[in-house]
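Okay, structure first, notes after.
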């Protein structure tokens with residue numbers, strides 16, 4: 001392309017092109033964050049279309065009076081600004097959205113109930129945040145519903161002889177414990193399904209592999225499903241032991257001495273002790289799995305914070 005020295009100065013195409021470039025870059029800066037998450041090529045195509053439209057407007061107003069070379073150079077500059085600006089704006093925005101999404105995992109804390117808690121509005125930060133917050137809420141709601149059923153059935157009374165003597169209704173309905181066990185199993189299956197969905201969402205994102213590994217590590221995802229299966233087995237063993245103990249107590253060969261059951265039958269004493277030992281062993285392993293998962297979660301959180309520069313709360 002050749003042009004005379006004064007071609008670019010004819011009909012003032014310089015200010016027209018500068019204004020056009022400013023409009024394109026400003027539109028990208030302020031407009032892209034307002035858009036839903038779109039592929040970069042879609043944004044780039046829209047920016048190029050807008051650049052062409054701006055050039056047409058500039059052409060009608062003033063550029064049409066410039067030389068052919070100046071018209072072409074003006075057009076190329078506007079298209080170039082659209083391509084470069086859309087690339088950097090979408091790349092920057094994608095990185096910021098990713099960091100905001102992952103910051104949810106870096107900022108979550110263990111609440112007094114033993115479940116993670118999140119900053120207000122964390123579920124709106126991105127796809128991982130939305131699904132993970134929903135995953136935790138499902139766990140919390142499931143545990144709350146389970147606790148309500150345990151209280152309604154009177155299961156906590158089985159550890160307090162005086163309280164059970166005053167409220168012995170459960171001893172006529174030990175079978176209810178089996179229905180609560182089924183409820184707990186169903187809740188664990190929902191938890192497993194949501195976790196698999198969460199991992200798939202992570203894998204389907206366009207986040208860098210290092211970030212994905214950090215996210216998985218924060219969830220102990222290489223062992224989480226296996227742990228959930230084992231925890232389901234253990235809670236089943238706990239409920240079986242509780243129901244067995246209830247059945248022994250239902251024979252009423254005991255008296256209350258404070259919270260302690262004093263048996264008049266050595267067979268019932270041995271059976272009750274055996275069920276108690278099974279319950280304690282299963283509960284201890286259950287707690288070990290939870291403690292190990294918590295430790296691994298904190299290690300993963302540290303890795304995420306290092307990667308995205310999020311300070312711990």
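If I filter region 23-30 for residues that are surrounded by 14 or more Cβ atoms within 10 Å (Cβ to Cβ), under 24 Å from residue 13 (Cα atoms) and modelled with pLDDT of 80 or more, do I get at least one hit? So far as region 23-30 goes, yes, one or more of its residues are surrounded by 14 or more Cβ atoms within 10 Å (Cβ to Cβ), under 24 Å from residue 13 (Cα atoms) and modelled with pLDDT of 80 or more.
Restricted to region 144-238, the set of helices (runs of 4 or more DSSP H) holding at least 2 residues that are under 27 Å from the mean Cα position of the chain (by Cα) comprises 176-204, 209-218. Based on this model, can you work out whether residue 118 counts as at pLDDT 80 or above, over 18 Å from the mean Cα position of the chain (by Cα) and at negative phi? It is false that residue 118 is at pLDDT 80 or above, over 18 Å from the mean Cα position of the chain (by Cα) and at negative phi. Screening region 196-226 for residues that are surrounded by fewer than 17 Cβ atoms within 10 Å (Cβ to Cβ) and closer than 20 Å to residue 282 by Cβ and picking the one that is modelled with the highest pLDDT gives 226.
Among the candidates 106, 134, 58, 85, the residue that is touching a residue at least 40 places away in the same chain (Cβ under 8 Å), surrounded by 19 or more Cβ atoms within 10 Å (Cβ to Cβ) and within 24 Å of residue 213 (Cβ to Cβ) is uniquely 106.
Cβ-Cβ contacts under 9 Å between residues 6 or more apart (or on different chains), taken from a first residue in region 61-76 that is in contact (Cβ under 8 Å) with a residue 40 or more places away in the chain and assigned by TED's automatic domain parsing to the domain that holds residue 13 to a second residue that is buried (at least 20 other Cβ atoms within 10 Å of the Cβ) and not in a helix (DSSP H, G or I), are listed as 74/66. The set of residues from region 109-131 being surrounded by 14 or more Cβ atoms within 10 Å (Cβ to Cβ), outside any loop (DSSP other than H, G, I, E, B) and either touching a strand residue (DSSP E or B) at 6+ places or on another chain (Cβ under 7 Å) or touching a residue at least 24 places away in the same chain (Cβ under 8 Å) (or both) comprises 116, 117, 127, 128, 129, 131.
Scanning region 248-265 for residues that are crowded, with 17+ Cβ neighbours inside 10 Å and in a helix (DSSP H, G or I) gives 248, 249.
Among the residues of this structure, residue 234 counts as one that is under 30 Å from residue 213 (Cα atoms), modelled with pLDDT of 95 or more and surrounded by 14 or more Cβ atoms within 10 Å (Cβ to Cβ). Filter region 88-102 for residues that are touching a helix residue (DSSP H, G or I) at 6+ places or on another chain (Cβ under 6 Å) and either farther than 24 Å from residue 294 by Cα or buried (at least 20 other Cβ atoms within 10 Å of the Cβ) (or both) and give the result. Answer for region 88-102, where residues must be touching a helix residue (DSSP H, G or I) at 6+ places or on another chain (Cβ under 6 Å) and either farther than 24 Å from residue 294 by Cα or buried (at least 20 other Cβ atoms within 10 Å of the Cβ) (or both): 89, 90, 93, 101, 102. In region 151-168, of all residues being free of Cβ contacts under 8 Å to residues at least 40 places away in the same chain and in contact with a helix residue (DSSP H, G or I) (Cβ under 9 Å, 6 or more places away or on another chain), the one that is nearest to residue 250 (Cα to Cα) corresponds to 168.
The values are calculated or read from the model by the stated rules, or taken from the named source; none is laboratory data. This structure is a prediction, so every number in the text was calculated from the model and none was measured. As a convention, Cβ positions derive from the backbone with ideal geometry for all residues, glycine included, and neighbour counts pool all protein chains shown.
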